[in-house]
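Novice: The structure's right below; bear with me while I get my questions together.
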Amino acid sequence: MGCFANVNYWPLDPEREHFLLPYDPTVQPEDCSLIIVSDDWFRTGQPFPEPVTRGIPGACCIALDRDDGTRLRTLGKPFQAFDLILRTHYNASTRYSGNFSPWAYGLSERVVEATREELVAPERQSSLLANWRHTKYPHSMRLAVERELLPRLREIMPIDEARENIDEPPESPRDRLWWRETGRRHWPAYYRRLTSSLACAAFGGFFETPWPAAKESLVSRLLKRTLTMTHARTHLISQWDSWRLWESFAAGCATFHVDLDRYGCVLPVMPTNWEHYIGFDLDDPGPGLARIRDDPGLLARIGTAGRAWALEHYSPAATARRLLASVRGGTL
């Protein structure tokens, strides 16, 4: 028994001699009991392998859908034959097919290792790291946070908004490998700042209207754009999951986001607001700001609890166990 891919996937060494999922030409889809198709297949328009399209008796076929936005290609007819579609950015008011289940970016061994040298709370800077990676097409939620929440947070604690130079490769061969393989998302300097900060702003997503439930429809997409242009807000967001969210958890920061339950965000295992993270109601952030201001030890406690929660439920081993339980008829 082993795990293989149609190409050598994720090099484990800078020499690219060993891979997490190696390619073996003797192993074909019909030889496997579990087949996972990543969203790279359908985002790039590649046809599925013919055995997957035809169906393999006794095999479980899973599609990973971490696609941004609300186009939901996985609602298409080819996906009706899949046993499971694991959807990140799962949204409580979106219409999904019966084979959809909520999923998460979660923690990778790379992120866990990069944040392993976390500082204990008294040694951390009492600052909030808030430096979005993407600014060309800003999320409507981040725009709202920048306009309305960050100025009020700045009255309570310093905010670190400096950004790393994503075009500058790291010096270490291993870090340079990860920088290249992650599309320049891996920067040792960023992880040092993250693990030395008391809190991290992990806000992300677009405000959506509850109607229509077909979020992939033209009407829904136009309404989402209108909300962005008019600076209007709702209590529903899409594209809310992110690597930043899980990097913050792994680093032991007090993770700032919106109240996930209130804004329709769904994970297989939900964190508890004000225990594992700090989730704001953007319509009324005052009570949350007061709690942070009046309890000096709050951020350190939440950062520690959030890291433990994430490692328990979203470490690579925990995610693998959840996947296997779903294949065996358990729950996600």
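Novice: What percent do you get for the relative contact order of the chain when only Cα pairs under 8 Å and 6+ apart count? Mind dumping the intermediate values first?
Specialist: Values: 538 pairs, mean separation 57.0, N = 332.
Taking the mean separation of contacting Cα pairs over the length of the chain, I get 17 percent.
Novice: GluC sites (Glu not before Pro), restricted to the stretch 233-332: which are DSSP loop and have at most 12 other Cβ atoms within 10 Å? Present the calculation step by step, with values, prior to reporting the outcome.
Specialist: Numbers: sites: E247, E275, E312; in loops: E275.
Hits after loop and neighbour filter: E275.
Novice: In nm, give the distance between the simple-model label positions of A92 and Y9, each being 7 Å from the Cα along the Cα-to-Cβ direction.
Specialist: Result: 3.2 nm between the two label points.
Novice: Related question: Multiply the residue separation of E181 and R321 by 0.36 nm, subtract the distance between their alpha-carbon atoms, and state the gained length in nm to one decimal. Intermediate values should be presented prior to the final figure.
Specialist: Values: separation 140, 0.36 × 140 = 50.40 nm, distance 2.54 nm.
Contour length minus Cα-Cα distance gives 47.9 nm.
Novice: So what's the net charge close to D283: Lys and Arg +1, Asp and Glu -1, counting the other residues with Cβ under 13 Å from its Cβ?
Specialist: Numbers: positive: R233, R262; negative: E148, D259, D281, D284.
Combined, the nearby Lys, Arg, Asp and Glu give -2.
Novice: I would also like to ask the following. For the chain, what does the helix formula give at 222 nm: sum of -39500 (n - 2.57) over DSSP H segments with n ≥ 4, over the residue count, nearest 500 deg cm²/dmol? Walk me through the numbers on the way to the answer.
Specialist: Numbers: 12 runs with 103 residues, N = 332.
The per-residue figure over the chain is -8500 deg cm²/dmol.
Novice: At what distance in angstrom do the alpha carbon centres of the stretch 267-332 and the stretch 1-35 lie from each other?
Specialist: 33
Novice: So, one more: Which FRET efficiency value, to the nearest 0.05, is calculated for A232 and R154 with the Förster distance at 35 angstrom and r the Cβ-Cβ distance? Please report the intermediate quantities before stating the final value.
Specialist: Values: r = 24 Å, r/R0 = 0.69.
Once the sixth-power term is evaluated, E becomes 0.90.
Novice: Let's test this: bin the Cα-Cα distances of the chain at 10 Å from zero up to the farthest pair and state each bin's percent.
Specialist: Distribution as computed: 5, 24, 32, 26, 11, 2, 0 percent.
Novice: At 0.890 mPa s and 25 °C, plugging the Kirkwood radius over alpha-carbon pairs of the stretch 169-254 into Stokes-Einstein gives what diffusion coefficient in µm²/s?
Specialist: Values: Rh = 15.4 Å.
Once the numbers are plugged in, D ends up at 159 µm²/s.
Novice: What are the residues whose amide H is under 5 Å from the amide H of D281, where those residues sit 5 or more places off or on another chain and H is modelled from the backbone?
Specialist: D259
Novice: Oh, and also: Within the stretch 161-186, whose backbone N sits under 12 Å from a point 7 Å along Cα→Cβ of R116?
Specialist: Flagged as within label range: none.
Novice: Going 7 Å from the Cα of R163 in the Cα-to-Cβ direction, what parts of the stretch 173-202 have a backbone nitrogen less than 19 Å from that spot?
Specialist: 179-180, 182-194, 200-202
Novice: Quick check on the stretch 59-138: what are the equivalent-ellipsoid semi-axes from the Cα gyration tensor, as sqrt(5λ), descending, whole Å? List each step's numbers first, then the result.
Specialist: On the way: eigenvalues 243, 61, 24 Å².
Those come to 35, 17, 11 Å.
Novice: Run the numbers on the stretch 165-251 and let me know its relative contact order in percent, using alpha-carbon pairs under 8 Å that are six or more apart.
Specialist: Values: 77 pairs, mean separation 24.5, N = 87.
With pairs under 8 Å counted, the relative contact order is 28 percent.
Novice: Quick one: if you stick a label point 7 Å off each Cα along the C-beta vector at L143 and R301, how many nm between them?
Specialist: 3.8
Read-outs: derived from the displayed coordinates by stated rules, not from any lab. Nothing here was measured: the structure is a model prediction, and the numbers come from that model. With ideal geometry, Cβ positions are generated from the backbone for all residues, glycine too; neighbour counts draw on all protein chains shown.
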